[in-house]
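Peer 1: Shown below is the structure under consideration.
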Amino acid sequence: MRRTSVLWIRAAGLALVALLVAGAPAHARSNASAAAGFIEDAQNKDGGFGVRKGEPSDPRATLWASVALLAAGKNPRDEFLKNGRSADDYLVDNRSKFTSLGDLGLLALIQTTGRFGPSLYDNPVQRLTGELTRGAVGSDPQGAALAVFGLLAADTASARRTAGSVAETLLDSLTSDNAWGPRGNADSASTALVLQALAATGAAGMGHPAVRSGLAYLQAAQSNDGSITASTRLDKATSGGDVAATAFTLQALRKLGAPMLKTSGGKTVTQGLTQYQQQSSGGLTSKGSIYSPVPPSVIETAQAYPAFNGKTFPLARVASKTGGPDNVKRTGAQGADPSSDRVSAGTADQGVSSTHSEATADPGAFQGATADGSGRRGSGEGSGRSAAQEALQGAGRGAVSGTVVGTGPRLAAKAGASDDGLTNEQRATILLCGGLTLLFALGATLERVRPSPSGAPPLVAAGQSATAAVAPLVRFGGAVSGISTSRAGLGRPPRRRWPLLAMLAVGGALIALPFAVGMFDRAPKGAEMIKAFEPYMQAAKIEDFERHVRDVDEYAQEARGRLPELLAPGAKSPETARRRFDRQHGQVALFTQQWPDVHRTFDDLLGTIRANRENYEAVAALPSFRAFPWFFVIPGGLIVLLAGAGLVLGRSAWIPLRRAAIALGVGLVLAPAVFQMFDRAPKGGRMVTAFETIETRPTVQKIQGDFATITIGQGAIGIDLIPALEARGLSEKEIGRELPATVRLRDRWIPILNDMTPMIGVMSDNVENYRAVAALPDFPLFIWFFVVPGLLVVGLAVLAGTRPLPATAPVRASEPVPT
Amino acid sequence: MNRRTPGLLAAAILAIAALFPAVAPAATAKKLNGTFLFSPGKFKKGKAGGTYFRMIQPGGTVKRGPFFANPNSRAKDKTYTLLKAGIDGGLWSGRFQDPPDPAFAPNGFALANRIMTPTLFAGIRFSLSTAATDAQSGRKVGVPVIRAKGRKLTGDVRGFTASWNSIWFNQGAPKPAGNLPGRTRKVSGTYDPRTRRYTITWVSQIVGGPFNDFSGYWHLQGKFRPGKYGKAG
């Protein structure tokens, strides 16, 4: 076969590899899978889970963690660290500690859902039945609701009868707030669990007055961020949401088929729940938030997980796959990922996925929802919708959209990462190297059919003699690759030496490039900037900010229109009223004068961010900026080595070196295609150009000043305008009716601040990082920094050629090589 | 020797003595460890007193501003935020006053209440704390130190940190790294050893975050209680 044909075969193979890699989809981890991953990571060696990660095991935390694992299709018997005990072992060891209704209910739920023998857990269903007196149910409705789930999971006639009876008792146990709570004091978590239990038993549905009053209670407890506070007695402005109450409310809404609860500002309960999920770990706590350093709670995360994942109680049964750690030790089974510390039914990299352990796709927090709201089914669910999905659609038909997933913190470990933990570039690198190796072997094999040269000492003879222990393997490798003692391209040095010198120069230039453009210093700053911008480049986040600006604008319009009418009545004209108003309310006047300019600034800022969302996604999906310098230094170094070796060893090893150089050159040419740089790099370039106007110190300082303007205007509402209106005899209700935007801005100010100030902080903190990225060469040029050297290396290796064989009779393969 | 000689001799001795003034031992700065109790901030007749804070806008100065107006300020001039002591009575020198865990409510309100009572600033409560690790930079810092040399006060409060809207702002002087960036000025003040009344001021420029390049002007005033920590008596 002609040499050029061999080269074309290699090139075609690499192209095929590149296409396969380029088509690979990428996902980010959802709220659900991040929460589940957090839980799984929190397991201790004794099988239990602490209240917080790293803390000694706690029985109640282990109960909830086990429930969450079951909700994700994982059996607690299959969850353990290597050489550790399983969650099931821990629960069995501690079964005597579970005495309350709630704990027994959860234990019964776990025992039956996990298909464990009842006696192992001391017959929790039986124990529950004895404990569920009228008095006990009335004084602990939350525990009673959990008991109902445990009984329903047992699925026996008597357990179902008992569950029904408990539900009837709960219907008679409303507090004076027309909700449920311990000892007559209603709280949101109890109310939500009882509603779920009533729906699960069929004792009451949406039409029942008790259910309607319970839902009204939860609506009243909903705070501005969409979450549910622990009780309506708490001050919503200061107390914040409660994770358990919010999660249980979501489950109750689903179970009942009730519409999603929303605040006056449109925030849903789901959006509220995501506010308490720590971005870095995926865990939740009522005391934390997206960026808070407060350690998340295993219990609260476990309570939130089923809600994120669209599951209600009771759960579908999950059989054990491994049989537990003792069985694993006996059988020697490793688990799916031998390198991990965990033995789990899935791989450790997958963790607990939001569907089940075998699923590779993760459509998001809601299995039925999609990022574009198209209603595409979640994967792993088969061809039909599951009951959970149907219930989900009922819960807020039209209210649950794909934006819900995006609204919460995007807990992507890295943009372009799949749920198996490998990023696109890692997979691309592995496949590319594998492909190159295969092609090298293919080409070398084809070379074997050519007449082999005679004479000259073998290339690897010295190596073979030094590695006698692996000689058979080396001989096999040598035979396959063509680099064997008798078949090496000996006696065939390069025809021309100057291409090798030129190749040295190309390699040197590749090594020098990162140093010349300051990539080692600038690229990591770019990586920091990309990471910092991530939360603010989400569609839902941008919508939130646009809404904040709209709220302020609507207030400004009222401040120029209706407010003067109300506070300066009797004025001859609107202009007179405004003048009088401005005199009396100087801060508001200052705000309304400055607002148009401030409005323009924010509109421009948000418009630029929105217009570059796709460009940002493209840049974020490229390989990490931190690694960029090495993408040039390593290939450059290899080219220098190959060219230098060719010059020095020439006669001994030119052919294999030439093959390696050509393969490397082809790899460089294909790298931009593999990393989709032809599409992403220009988008990145557009983003960098667009951000030139916003990521500057003067712009940041202007925005800081504008923020001060908004603060003045907003501050005047509470300390000046409302008191003035009340002094004129307007009630709170009338003020709300006449000035809805003013009241809305007053009520939404804290969430607006919670959003705006971190954004201003990120803008300010990344001015230098932006400058570093902007100082790099234009992004589209990077494509050619790979392609041109790659083409040069291939061309120069081909040009270098090989000297013809000496004029002797061809050696047939069967003839011994003369010594 | 004539009659003038003793006089001339005395004059010579005096002249020589004048060339070597008595070397009294120099006053050394003494550490004042204890509680700098806060007098509540007040604003009367156009003047601020007691313990208060002002935020200077980027490029501004202590004397002329411009200042950030806090709409929630109780002072007529909203650029002054008046402060009240927390449960420890004020600032401890020689010991830390750690923030609670968690340090913020879910809505971003600061929960620390030892140095000062959390106070509304632009709609969200802020507060103060000192800790061995600076929350903003992660650097290790020493305890607050105030020294008195005569009636003059100096100090090092590099761990002095404000918390607001789930964000930490170091407001120490010097900064945790020991530098004085931008408008940051060292701690200075006055102290009357007899009455133990003090006034301490400093300026600390915010580095990083949404208020980058703004500066906090801190004016602490009250009585010093030496050697005593814990709740105000």
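Where a number appears in this text, it was derived from the coordinates with a stated rule and is not lab data. Since this is a predicted model, take the numbers as computed values, not measurements. All Cβ positions, even for glycine, are placed from backbone atoms using ideal geometry, and neighbour counts span all protein chains on display.
Peer 1: Give the cross-link partners of A:LYS255 among the lysines, using a straight C-alpha distance below 21 Å as the criterion and excluding same-chain residues fewer than 8 apart.
Peer 2: A:LYS255 reaches A:LYS267, A:LYS311.
Peer 1: I need the peptides A:102-112, A:557-567 ranked by packing, meaning the mean over residues of other C-beta atoms within 10 angstrom, with the highest value on top.
Peer 2: A:102-112, A:557-567
Peer 1: If I take every Cα pair under 8 Å that is 6 or more residues apart in chain B, average their sequence separation and divide by the length, what percent do I get for the relative contact order?
Peer 2: Value for chain B: 21 percent.
Peer 1: For the pair A:ARG583 and B:ASP101, what calculated FRET efficiency results from E = 1/(1 + (r/R0)^6), where r is the Cβ-Cβ distance and R0 = 60 Å, to the nearest 0.05?
Peer 2: 0.75
Peer 1: Sticking with this one: Tell me which of A:PHE533, A:VAL552, A:ALA577 sits at the most positive position along the dipole axis of segment A:526-583, charges placed on C-beta atoms (Lys, Arg +1; Asp, Glu -1).
Peer 2: Going by the Cα projections, it comes out as A:ALA577.
Peer 1: Using a 10 Å cut-off around each Cβ of peptide A:748-757, what is the average number of partner chain Cβ atoms that fall inside?
Peer 2: 4
Peer 1: Now for a different question. So if each residue of separation counts as 0.36 nm, and I subtract the Cα-Cα distance between A:ARG317 and A:GLU168, what length gain in nm does that give?
Peer 2: 51.0 nm
Peer 1: Please list, in order along segment A:749-764, the HN-Hα scalar couplings obtained from phi with the Karplus expression 6.51 cos²θ - 1.76 cosθ + 1.60 (θ = phi - 60°), rounded to whole Hz, x for Gly and Pro.
Peer 2: For segment A:749-764, the Karplus-derived couplings read 5, 5, x, 5, 5, 4, 7, 6, 5, x, 5, 5, x, 5, 4, 5 Hz, x marking Gly and Pro.
Peer 1: With a sphere of radius 10 Å drawn around the Cβ of B:PRO106, what net charge do the other residues whose Cβ falls strictly inside it have (Lys, Arg +1; Asp, Glu -1)?
Peer 2: -1
Peer 1: What is the list of residues in segment A:59-78 whose amide nitrogen lies under 14 Å from a point 7 angstrom out from the Cα of A:THR331, following Cα to Cβ?
Peer 2: Inside the label zone: A:77-78.
Peer 1: To continue, here is another question. I need the peptides A:666-674, A:121-129 ranked by packing, meaning the mean over residues of other C-beta atoms within 10 angstrom, with the highest value on top.
Peer 2: Final packing ranking: A:666-674, A:121-129.
Peer 1: Going 7 Å from the Cα of A:ARG626 along its beta-carbon direction, which residues of segment A:514-533 have the amide nitrogen within less than 11 Å of the resulting point?
Peer 2: Flagged as within label range: A:524-525, A:527-528.
Peer 1: What average count of beta carbons from other chains do you get within 10 Å of the Cβ of residues in B:97-107?
Peer 2: Rounded to a whole number, the mean comes out at 6.
Peer 1: May I ask for the angle, rounded to the nearest 10°, between helix B:4-19 and the longest principal axis of chain B, with both axes built from Cα atoms and the value confined to 0 to 90°?
Peer 2: 20
Peer 1: Need the full-extension length gain, A:ASN83 to A:GLU732, defined as separation in residues times 0.36 nm minus the C-alpha distance. One decimal, nm.
Peer 2: Net length gain for the segment: 227.2 nm.
Peer 1: Please arrange A:MET759, A:MET206, B:MET116 by counting, for each residue, the other beta carbons lying within 10 Å of its beta carbon, fewest first.
Peer 2: A:MET206, A:MET759, B:MET116
Peer 1: Of B:LYS63/B:LYS152; B:LYS47/B:LYS175; A:LYS702/B:LYS84; B:LYS76/B:LYS152; B:LYS31/B:LYS223; B:LYS175/B:LYS223, which pairs sit farther than 24 Å apart, going by alpha carbon to alpha carbon?
Peer 2: Listed pairs above 24 Å: B:LYS47/B:LYS175; A:LYS702/B:LYS84; B:LYS76/B:LYS152; B:LYS175/B:LYS223.
Peer 1: If packing is taken as the mean number of other Cβ atoms within 10 Å per residue, what is the order of A:587-596, A:139-148, highest first?
Peer 2: A:139-148, A:587-596
Peer 1: Let me ask something else about it. Round to the nearest 0.05 the FRET efficiency obtained for A:MET206 and A:ARG115 when R0 = 35 Å and r is the Cβ-Cβ distance.
Peer 2: That gives a FRET efficiency of 0.60.
Peer 1: Would you mind giving the mean number of other chain beta-carbons within 10 Å of the Cβ of each residue in A:711-721, as a whole number?
Peer 2: Mean partner shielding for this stretch: 4.
Peer 1: Pulled fully out, how much extra length does the chain show between A:ASP122 and A:LEU791, if you take 0.36 nm times their separation in residues and subtract their Cα-Cα distance?
Peer 2: Using 0.36 nm per residue and subtracting the Cα-Cα distance, I get 233.6 nm.
Peer 1: Using a basic spin-label model with each label point 7 Å from the Cα along Cα→Cβ, how many nm lie between A:LEU641 and B:LEU9?
Peer 2: According to this spin-label approximation, the distance is 9.7 nm.
Peer 1: Now for a separate question. For segment B:92-233, what are Rg and Dmax over the alpha carbons, in angstrom?
Peer 2: 14.8, 46
Peer 1: Based on the Cβ-Cβ distance from B:THR61 to B:ARG196, what FRET efficiency comes out when R0 is 41 Å, to the nearest 0.05?
Peer 2: So, using R0 = 41 Å, E works out to roughly 0.85.
Peer 1: If each of A:ARG497 and A:ALA216 carries a label point 7 Å out from its Cα toward its Cβ, how far apart are those two points in nm?
Peer 2: Label-label distance for A:ARG497 and A:ALA216, simple model: 9.7 nm.
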